[in-house]
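J.: Mind looking over this structure? Questions follow.
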Amino acid sequence: MRDFFFLLVFTCLSLAIPSCPSYQYHDYVWDYQYSSPQRPPDTFIDGCTALNLTDPTICNLQNLTIEQKKQLISDAMIRNNGFPDFQTSNSWNSQLKFTKYAPDNTTYYNADSIRDAWLKIISVSPSVLDNKSSQLWINSSGNVSSKFNFSFVVPKKTFRGDCRTVYKICGYNYSIQNSLNSQLLGNKSTSNFSISAPYNSSELFSSNLTIDSEYLIHHYHLVEHCDEDSCWHTCDYYRTDDKKSHLELRDQKQAYAYSFIDFSSAIIDFSKNGLTSGWFFIVSNSDFNSIRFLLGNSEIKLQAQDYRFKVENAPYNTLQVETTTTQSRLHTSNIAVLTNENLVLNGAQFEDYLKHAEPFLYFILHDLLGLDLSALPIQFQGAKVHFVAPTNSTNCTLIINSHFGSQNYSDFCRNPNQEPTINLSISNSSDNSFTVRAFFYDAITASPLVQKGINFTYGNETVIAETDQDGIAFATFQRTNSNLVKAEFLTDFETKTAYSYIYVQPIFPISQETCVFSLGLLISIAILYQLLRKAIR
């Protein structure tokens, strides 16, 4: 009878004891065995000799701060500071092994049995960090990568009144989600993204980590059982504590959409006797990395950006491409640069450029679409270069490198069949002033060149006047002791450069010494005249 009773009780209790739901992960550690994450060796400082640097002596440099030494090491890893080295940064970052230790300056979070949880967006690639503005520029497509870790720690206790305590470790689940502007990108730590946003638009990357864990504590108490013959005690199931933990973490990174827009043009002024002279210019809505202008065996290179790695997330040390805008450095090969002008175009200047250099585009934007280009809140920056090269070639190429791409313009130089000519004449001449008349026309077609700015220079004074519908412009000057007027038209990339000179009769002012000398001379002549008259008498 007693055996039957025990069997019945055991069966009922087995059916009553709660069981664990299904979890994907089951590793855990008892709290008395758990210790906080320990900092791993620094991949740069402690692992410097394993980096195979081209200059291994960097590893042994003394009297440097950790930050200075890391910067030297990262500088030695970059292949060419004239270009963003995404390949090296991506390769390095993807091979880093993150432990349970959070990167420096990353916060740990706890929720009951979930201990030392952390989450960090470690990279958005490709991206370029602007050293001056601290803005993170991203390409139209790439990937965002997050790292995280935590521990499932179960506290083991003894409970008063329990004759038996059974821990049932159910396990834990976690999910990672990356999003861009609240739009889900993926459910993995690395997710691809694609944007079609306007230039400089704000893009917010988010990474969300959700962790759920659970374990059960089955409590057993002593229970007395009696029948008509005797009493006995059994350790029977009493109740179950269901210990659930839930934690949500989020990390965010602000970025900005990068869109490189450039306008460029080139024109040949002349090509003869083994020399070719001309102009090229480029302006863009963002600082270009570098440009290369190729003409025959001649080359001009302008470098406007320097790139390096910013070291982040110690002690793992992820690499972030960083850029610094520099004063444009000019490099030439077999070519002479006559002038190199830094350009900044506002809306009105941009409209004037389109009107002359890109008339078809100007017609579409201004005439068809009705856009007031002069009122656009834009600013383009760039360079205008005047060159002469020892070649008869007029076929040139312009290569423009930006943060994330390259533009190649072949057959770049225009060489229109024109002979712009300036004829000068003097009018309204007086002792105090005179007027210079310039007639600007194409000698091949005899057509006047209208709305062209002529620079008149006389002595130290310069007057800019625009030609009217007859190709005529005027400038009036006050006379000085100068005897030459120069009129010059600098190409607008529609019409070639032209210049002309005209002679002007100068005024020679009489100095005090001259007046005294002249007066003495007159007095001497008068005295001599009187003496001669007396002698004749």
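J.: Among the candidates SER429, SER433, which residue alone is open to solvent by 50 Å² or more (accessible area, probe 1.4 Å), over 47 Å from the mean Cα position of the chain (by Cα) and among the hydroxyl-bearing types (Ser, Thr, Tyr)?
T.: That would be SER429, the only listed residue that is open to solvent by 50 Å² or more (accessible area, probe 1.4 Å), over 47 Å from the mean Cα position of the chain (by Cα) and among the hydroxyl-bearing types (Ser, Thr, Tyr).
J.: Is it the case that PHE44 is open to solvent by less than 40 Å² (accessible area, probe 1.4 Å), out of contact with any helix residue (DSSP H, G or I) (no Cβ under 6 Å at 6 or more places or on another chain) and at negative phi? Please lay out each step first, then the result.
T.: Details: open to solvent by less than 40 Å² (accessible area, probe 1.4 Å): yes; out of contact with any helix residue (DSSP H, G or I) (no Cβ under 6 Å at 6 or more places or on another chain): no; at negative phi: yes.
Answer is no for this residue.
J.: Mind checking which residues of the stretch 289-299 are open to solvent by 10 Å² or more (accessible area, probe 1.4 Å) and either not in a strand (DSSP E or B) or not hydrophobic (A, V, I, L, M, F, W, C) (or both)? Quick ask: steps written out before the conclusion?
T.: Step one: of the stretch 289-299, the residues open to solvent by 10 Å² or more (accessible area, probe 1.4 Å) are 292, 294, 296-297, 299.
Of everything in the stretch 289-299, those that are open to solvent by 10 Å² or more (accessible area, probe 1.4 Å) and either not in a strand (DSSP E or B) or not hydrophobic (A, V, I, L, M, F, W, C) (or both) turn out to be ARG292, GLY296, ASN297, GLU299.
J.: So which residues in the stretch 457-484 are over 16 Å from PHE434 (Cβ atoms) and open to solvent by less than 50 Å² (accessible area, probe 1.4 Å), if there are any at all?
T.: THR467, GLY471, ILE472
J.: To continue, here is another question. Among the numbered criteria (1) within 30 Å of THR324 (Cβ to Cβ); (2) open to solvent by 30 Å² or more (accessible area, probe 1.4 Å); (3) at pLDDT 90 or above, which one does ALA255 miss?
T.: Only one criterion is unmet by ALA255, namely (2).
J.: Read through the list (1) in contact with a Pro (Cβ under 7 Å, 6 or more places away or on another chain); (2) assigned to a strand (DSSP E or B); (3) more than 19 Å from GLN135 (Cβ to Cβ), then give the number of the only condition that VAL321 fails.
T.: Of (1) in contact with a Pro (Cβ under 7 Å, 6 or more places away or on another chain); (2) assigned to a strand (DSSP E or B); (3) more than 19 Å from GLN135 (Cβ to Cβ), only one is false for VAL321: (3).
J.: Additional query: From the list SER271, SER265, SER230, exactly one residue is without any contact (Cβ under 8 Å) to a residue 60 or more places away in the chain and of a type outside the set (A, V, I, L, M). Which is it? Let's see the steps before the verdict.
T.: Working: SER271 fails: without any contact (Cβ under 8 Å) to a residue 60 or more places away in the chain; SER265 fails: without any contact (Cβ under 8 Å) to a residue 60 or more places away in the chain.
The conditions single out SER230.
J.: Just name the residue that is nearest to GLY278 (Cα to Cα) out of those in the stretch 485-496 that are modelled with pLDDT of 95 or more and open to solvent by 30 Å² or more (accessible area, probe 1.4 Å).
T.: Filtering the stretch 485-496 for residues that are modelled with pLDDT of 95 or more and open to solvent by 30 Å² or more (accessible area, probe 1.4 Å), the one nearest to GLY278 (Cα to Cα) comes out as GLU488.
J.: Moving on to the next point. Taking TYR238 as the residue in question, decide whether it is under 16 Å from ILE17 (Cα atoms), open to solvent by 40 Å² or more (accessible area, probe 1.4 Å) and among the hydroxyl-bearing types (Ser, Thr, Tyr). Please lay out each step first, then the result.
T.: Numbers: under 16 Å from ILE17 (Cα atoms): yes; open to solvent by 40 Å² or more (accessible area, probe 1.4 Å): yes; among the hydroxyl-bearing types (Ser, Thr, Tyr): yes.
Against the criterion (under 16 Å from ILE17 (Cα atoms), open to solvent by 40 Å² or more (accessible area, probe 1.4 Å) and among the hydroxyl-bearing types (Ser, Thr, Tyr)), TYR238 qualifies.
J.: Could you pull out the residue among THR421, THR397 that is within 23 Å of LEU275 (Cα to Cα), assigned to a strand (DSSP E or B), in contact (Cβ under 8 Å) with a residue 24 or more places away in the chain and within 28 Å of the chain's Cα centre (by Cα)? Let's see the steps before the verdict.
T.: Working: THR421 fails: within 28 Å of the chain's Cα centre (by Cα).
Result: THR397 is the single residue among THR421, THR397 that is within 23 Å of LEU275 (Cα to Cα), assigned to a strand (DSSP E or B), in contact (Cβ under 8 Å) with a residue 24 or more places away in the chain and within 28 Å of the chain's Cα centre (by Cα).
J.: Here are LYS120, LYS100: which of them is of a type in the set (D, E, K, R) and within 24 Å of GLN254 (Cα to Cα)? Spell out how you get there, then give the answer.
T.: Numbers: LYS100 fails: within 24 Å of GLN254 (Cα to Cα).
Only one candidate passes the filter, namely LYS120.
J.: Do the conditions hold for LYS355, that is, is it at pLDDT 85 or above and out of contact with any Cys (no Cβ under 6 Å at 6 or more places or on another chain)?
T.: No.
J.: In addition: Among ILE282, ILE268, which is touching a Gly at 6+ places or on another chain (Cβ under 6 Å) and at pLDDT 95 or above?
T.: On the way: ILE282 fails: at pLDDT 95 or above.
Answer to the check: ILE268.
J.: So, in the stretch 149-185, of the ones that are in contact (Cβ under 8 Å) with a residue 12 or more places away in the chain, open to solvent by 60 Å² or more (accessible area, probe 1.4 Å) and touching a strand residue (DSSP E or B) at 6+ places or on another chain (Cβ under 7 Å), which residue ends up farthest from TYR316 (Cα to Cα)? Talk me through it step by step, then tell me what you get.
T.: Quick first cut of the stretch 149-185, residues in contact (Cβ under 8 Å) with a residue 12 or more places away in the chain only: 149-156, 159, 161-182, 185.
With open to solvent by 60 Å² or more (accessible area, probe 1.4 Å) added as a condition, the list becomes 156, 159, 164, 168, 174, 177, 181-182.
With touching a strand residue (DSSP E or B) at 6+ places or on another chain (Cβ under 7 Å) added as a condition, the list becomes 156, 159, 164, 168, 174, 177, 181.
Details: LYS156: 34, PHE159: 43, ARG164: 46, LYS168: 36, TYR174: 23, GLN177: 23, ASN181: 28 Å.
Among them, the one singled out is ARG164.
J.: Looking only at residues that are farther than 17 Å from ASN181 by Cα and touching a Ser or Thr at 6+ places or on another chain (Cβ under 8 Å) in the stretch 126-148, which one is most open to solvent (accessible area, probe 1.4 Å)?
T.: LYS132
J.: Considering (1) of a type in the set (Gly, Ala, Ser); (2) closer than 30 Å to TRP92 by Cα; (3) free of Cβ contacts under 8 Å to residues at least 24 places away in the same chain, say which one SER290 fails and leave the rest.
T.: (3)
J.: Can you tell me which residue among TYR34, TYR23, TYR28, TYR109 is at pLDDT 90 or above, out of contact with any helix residue (DSSP H, G or I) (no Cβ under 8 Å at 6 or more places or on another chain), more than 28 Å from THR190 (Cα to Cα) and surrounded by 15 or more Cβ atoms within 10 Å (Cβ to Cβ)?
T.: TYR34
J.: Hey, another quick one. Filter the stretch 186-231 down to residues that are of a type in the set (A, V, I, L, M) and outside any strand (DSSP E or B) and give me whichever is surrounded by the fewest Cβ atoms within 10 Å (Cβ to Cβ).
T.: Taking the stretch 186-231 as the starting set, the residues that turn out to be of a type in the set (A, V, I, L, M) are 195, 197, 204, 209, 211, 216-217, 222-223.
Imposing the further condition that a residue be outside any strand (DSSP E or B) reduces the set to 195, 197.
Details: ILE195: 18, ALA197: 14.
In this case the residue turns out to be ALA197.
Condition check ((1) at pLDDT below 90; (2) buried (at least 21 other Cβ atoms within 10 Å of the Cβ); (3) in a strand (DSSP E or B)) across all residues:
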site	(1), (2), (3)
LYS301	no, no, yes
ALA314	no, no, no
THR325	yes, no, yes
VAL337	no, no, yes
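J.: Might you check whether a residue that is in contact with a strand residue (DSSP E or B) (Cβ under 8 Å, 6 or more places away or on another chain), more than 20 Å from ASN415 (Cα to Cα) and surrounded by fewer than 16 Cβ atoms within 10 Å (Cβ to Cβ) occurs anywhere in the stretch 439-449?
T.: Step one: of the stretch 439-449, the residues in contact with a strand residue (DSSP E or B) (Cβ under 8 Å, 6 or more places away or on another chain) are 439-443, 447-449.
Now restrict to residues that are more than 20 Å from ASN415 (Cα to Cα): 439.
This time we only want the ones that are surrounded by fewer than 16 Cβ atoms within 10 Å (Cβ to Cβ), so: none.
No, that holds for no residue.
The values are calculated or read from the model by the stated rules, or taken from the named source; none is laboratory data. Keep in mind the model is a prediction, meaning the values are calculated, not measured. Cβ coordinates were reconstructed from backbone atoms using ideal geometry, including for glycine residues, and neighbour counts include every protein chain displayed. SASA here: full protein model, heavy atoms, side chains in, ligands and nucleic acids out. Shrake-Rupley method; radii C 1.70, N 1.55, O 1.52, S 1.80 Å.
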